[in-house]
Amino acid sequence: MSASQEHETEMDAVVLGAGFSGMYMLYRLRELGLSTRVYEAADGVGGVWYWNRYPGARCDSESVYYNYTFSEELFKEWSWSSRYPEQPEILQYLNYVADKFELRPDIQFSTRVTSAHYDEESNRWKIQTDTGEHVTAKYFITGVGCISTANVPNIKGLDSFEGDWYHTGYWPHEKVDFTGKRVGVVGTGSSGIQSIPEIAKEAAHLTVFQRTPQYSVPARNHSYTTEFLNEVNDNYSEIRKQMQESMAGMRFNFGERSILDDTPEERRRVLQEGWDRGGWEILFAYNDLITNEEGNDLVAEFIREKIRETVDDPETAEKLTPSNYYGTKRAIVDTEYFETYNRENVSLVDVKEAPIQEITSNGIRTADEEYELDALVFATGFDGMTGSLFKIDIRGRENVSLKEKWGNGAKTKTYLGLTTAGFPNMFMLTGPESPSVLGNMPATIEQHVEWVSDCIEHLRNSNVDVIEADAKAEKEWSKHCKELADSTLYTKTDSWYTGANISGKARGFPIYVGGYGPYREICDEVASKGYEGFSLISIE
Ligand code: N01
């Protein structure tokens, strides 16, 4: 026995990550009486809400749905200030949850799991951390998030930049003061579009380096009234049920008709009303925007017109106007994003037309010109869906690594987005091929956590030691996911969903697009049929 093995701690379950998913998983496993340890790289709870502290960071699902609903008491005692609260309030909520349920003693902070290997002989996961700890667990559960591994583009010369640079996904805890500075922001996805208006208010000059223009609709954030919050609380059970049955884990669903069924006048009225109410209204107004090219273009054109109306300088407006599909990159809602380009201190550089060639000690040099900058912000997104899983050396039966099995992302294969064959007793919360990022994350997380804990309870009650997805069930699920995705416009668009944002990453679309409510029904049916598609093994 080696020295390290001597110090192995034995747990029933190890969970990775103390964000929405890891915290609730811990709560449920403790309720079942399992000894559980959560490992968290940060020194506090919150997951993405711990790291994404950039100016303007806020949720874009409405707050009364963007929270846990499993505890009626918790749901009713927390009051959100507004429709889309800022990151500090969301982090405060998650800390409140950790305190209320006394989760911290079972969370080991500032510790990153580096490897998890399944040992066939003992039927246990052997897990190592970057602090040199060794722990074994019967159940290995990942709650590492779908968009949590920052993508800092590999641009020549970054090391030579003499100013400060930041990535929106790993923002410092202390306030970053841009007052009087010439700031460059690279990237115009959700993080760029949220931070650009805020940085512009402070900077002496802000230069936005845009590769692809994005559609965005106004959030129309507003404070909540006490009457509204009381009404939400009074309808707690109904709201939870509606969310569970909905397509995206929210209270509302897609419209019932095709956009093409409406007359041009009716369509304009619907879209204008959606625009005025803000948020996801336009995306959900009709039932076929993501599948119907002609219909999609009608909405896209509506938003293009709005951009041209909002931005004073026609040349800037044209650069900001997207030409691809609407909603097939992650849809964005904003607060005065396009209006920001009317400020004197903001300019836009199209880096598709004149690509970034290098970062110099003074700023960014494109094919056309050098832009002098004191600070640089990368709002360049994440290695989504698989990035955070692949950072850990996860190995299943016969020492096969997850990365190897999934062909570095090219052949992601799961059963229900929760498990993968050859990796017994391992569960992935919001894993690839689950609805995850296409819905309201806390809702999709709750469903996964509840399914996994019910499954573990069943295994314990039935004296089953091992659960493992069957290769056949996995193949069928992955095929089903692919067929559904191929029937939409998602797979015809370059985005982080498809892996196109990471150079050298294999393309795919590892997300279940059939909707959250229908997905929940499938998972429940699998369980009710004695975990159909899984092998359940009892070891003598
Ligand atoms: O990242 P993104 P994000 N040179 O990948 C550009 C969630 N989220 O952090 O489109 C120049 O969307 C890239 O250009 P292109 C949400 O799910 C939620 O903004 O690839 N530009 C793009 O413009 C979201 O979808 C909230 O051509 C480069 C941008 O960087 C997800 O996180 C808030 C480049 C990246 O956009 C990711 O959003 C924030 C390069 N080398 C985030 N590399 C909420 O509201 C990349 N880009 C809850």
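The values are calculated or read from the model by the stated rules, or taken from the named source; none is laboratory data. The shown structure was predicted, so the numbers you read here are calculated from the model rather than taken from an experiment. Positions of Cβ are backbone-derived with ideal geometry, glycine not excepted, and every protein chain shown enters the neighbour counts.
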Is it the case, given these coordinates, that residue 339 is outside the structural domain of residue 142 (by TED's automatic domain parsing), under 20 Å from residue 203 (Cβ atoms) and of a type outside the set (Phe, Trp, Tyr)?
yes
For residues that are of a type in the set (A, V, I, L, M, F, W, C) and surrounded by fewer than 21 Cβ atoms within 10 Å (Cβ to Cβ), scanning just the stretch 42-63, find the one that is nearest to the ligand (Cβ to nearest atom).
48
Within the stretch 219-301, which helices (runs of 4 or more DSSP H) (wholly inside it) include 1 or more residues that are in contact with a strand residue (DSSP E or B) (Cβ under 9 Å, 6 or more places away or on another chain)?
264-277
Within the stretch 218-231, tally of residues that are in contact with a helix residue (DSSP H, G or I) (Cβ under 8 Å, 6 or more places away or on another chain) and surrounded by 18 or more Cβ atoms within 10 Å (Cβ to Cβ):
1
Residue satisfying condition, being surrounded by fewer than 22 Cβ atoms within 10 Å (Cβ to Cβ), at pLDDT 95 or above and within 16 Å of the ligand (Cβ to nearest atom), within set 21, 82, 115:
82
Show me the helices (runs of 4 or more DSSP H) entirely contained within the stretch 401-503 in which 3 or more residues are over 24 Å from residue 14 (Cα atoms).
471-486
Of (1) free of Cβ contacts under 8 Å to residues at least 40 places away in the same chain; (2) touching a helix residue (DSSP H, G or I) at 6+ places or on another chain (Cβ under 7 Å), residue 328 satisfies all except one. Which?
(1)
With a cut-off of at least 3 residues that are outside the structural domain of residue 249 (by TED's automatic domain parsing) and under 21 Å from the mean Cα position of the chain (by Cα), name the helices (runs of 4 or more DSSP H) lying wholly within the stretch 1-86.
20-31, 48-51
Looking for something β-branched (Val, Ile, Thr), touching a residue at least 40 places away in the same chain (Cβ under 8 Å) and within 30 Å of residue 358 (Cβ to Cβ) - is there at least one such residue anywhere in the stretch 209-224?
yes
Identify, from the list 35, 79, 63, the residue that is among the small types (Gly, Ala, Ser) and either touching an Asp or Glu at 6+ places or on another chain (Cβ under 6 Å) or without any contact (Cβ under 8 Å) to a residue 12 or more places away in the chain (or both).
35
Positions within the stretch 344-370 being in a loop (DSSP other than H, G, I, E, B) and crowded, with 16+ Cβ neighbours inside 10 Å, in sequence order:
351, 360, 362
Looking at 299, 333, which one is surrounded by 20 or more Cβ atoms within 10 Å (Cβ to Cβ) and either within 15 Å of the ligand (Cβ to nearest atom) or farther than 27 Å from residue 263 by Cα (or both)?
333
